[in-house]
């Protein structure tokens, strides 16, 4: 695997275990695409979870202002 692909995987938040699994399937394009799609889904799940956390905080701030708490 060339350095730019490795760096791209690192930049995408992939750990060394993921990078090794990716290297193992580099000859099988379909397998690599599935692996990348799985990682993308996991990242997106994390984003959605954080969005839910932010919504809860926003609601708390709203309620505090509504009830006059500072």
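Descriptive notes on the structure:
- Qualifying residue in region 27-47 (condition: outside any helix (DSSP H, G or I), within 16 Å of residue 1 (Cα to Cα) and more than 17 Å from the chain's Cα centre (by Cα)): yes
- From 54, 5, residue being surrounded by 11 or more Cβ atoms within 10 Å (Cβ to Cβ), more than 12 Å from the chain's Cα centre (by Cα) and without any contact (Cβ under 8 Å) to a residue 24 or more places away in the chain: 5
Any read-out appearing in this document is the output of simple, stated calculations on the displayed coordinates, not a laboratory observation. These numbers were taken from a predicted model, which means no experiment stands behind them. With ideal geometry, Cβ positions are generated from the backbone for all residues, glycine too; neighbour counts draw on all protein chains shown.
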